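Have a look at the structure below, then the notes.
The values are calculated or read from the model by the stated rules, or taken from the named source; none is laboratory data. Small disclaimer: the values here were computed from a predicted structure and weren't measured. Virtual Cβ from ideal backbone geometry, glycine too; neighbours counted across all protein chains shown.
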């Protein structure tokens, strides 16, 4: 899709050390109605949204959040 191409292009210009997802089915878009790009959501392994940033994010905060979640035991968000 055109949106996927934009995300892929942006990701090439602004690489990050984590996986970037593309919402082809628009489920996040419908649920959260982001107004800017990029919009960053951190979703833990249990499917709980643990952080959201609109526009260029605070990458130090994003990385801290990711590191905390990666080191947390499975099921810790419940």
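Side notes on the structure shown:
- Taken over the stretch 2-18, residues that are surrounded by 10 or more Cβ atoms within 10 Å (Cβ to Cβ) and over 13 Å from the mean Cα position of the chain (by Cα) amount to 8.
- All positions within the stretch 19-48 that are closer than 24 Å to residue 64 by Cα and loosely packed, with under 11 Cβ neighbours inside 10 Å: 19, 21, 36, 47
A quick yes/no check of all residues on (1) at pLDDT below 80; (2) outside any loop (DSSP other than H, G, I, E, B); (3) farther than 28 Å from residue 74 by Cα:
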| position | (1), (2), (3) |
| --- | --- |
| 4 | no, yes, yes |
| 19 | yes, no, no |
| 25 | no, no, no |
| 31 | no, yes, no |
| 41 | no, yes, no |
| 46 | no, no, no |
| 50 | no, yes, no |
| 53 | no, yes, no |
| 57 | yes, no, no |
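- Among residues of the stretch 1-26 that are within 12 Å of residue 38 (Cβ to Cβ), those with a beta-carbon under 6 Å from a residue that is part of a loop (DSSP other than H, G, I, E, B) at least six positions away or on a different chain give the pairs 7/22; 11/20.
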